[in-house]
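Have a look at the structure below before the remarks.
The values are calculated or read from the model by the stated rules, or taken from the named source; none is laboratory data. Here the structure is a predicted model, which means the values were calculated and not measured. Backbone-built Cβ (ideal geometry, glycine too); neighbour counts: all protein chains shown.
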Amino acid sequence: MSDLLLTVEQCADRLKLHPKTVLRFIHEGRLKAVKVGRGYRIAEAEIGKILGEAAAPTVPVRGPRATTIVDAEGVPPELAQKIARVLPAVRMGREGQGEPMNIDVVHDPARAQLKIVLTGSPSEAAPLLGLIAELLKG
């Protein structure tokens, strides 16, 4: 929709209504208008709302996202529990700074296998991957 302003008469013509009906819509608050001198001006976008024309949907633009899987063997349950506590805590500390990061931690104690799945922006995942590497060393 454009920012074109129309008179009451032009608006009435577009809506196929009487100008007095358009004025009534303005006074009732059903149609937004700006008073200019002795008359009103109505934005073309407002006419679209009355006609039921949907505004162009806004699609949020997201940056690139990455899904990373860390698969580690020989991880004792105590270390797996520590990692499962630390990663969400780090994520919570960074909330509101960029796109959300999803973290899933799964440990199979019978096989001593740990899987960590990170889904989020690559720039947010990189420091977490470094942290995971450090935690797995010790």
So E44, is it modelled with pLDDT under 90, assigned by TED's automatic domain parsing to the domain that holds G130 and among the charged types (D, E, K, R) | no
Filter pass, V86 being touching a helix residue (DSSP H, G or I) at 6+ places or on another chain (Cβ under 7 Å), modelled with pLDDT of 90 or more and not charged (D, E, K, R) | yes
Among the numbered criteria (1) in a loop (DSSP other than H, G, I, E, B); (2) closer than 17 Å to T68 by Cα; (3) modelled with pLDDT of 90 or more, which single criterion is violated by P100?
-> (3)
Quick check: anything in the stretch 110-121 part of a helix (DSSP H, G or I), among the charged types (D, E, K, R) and modelled with pLDDT under 95?
-> no
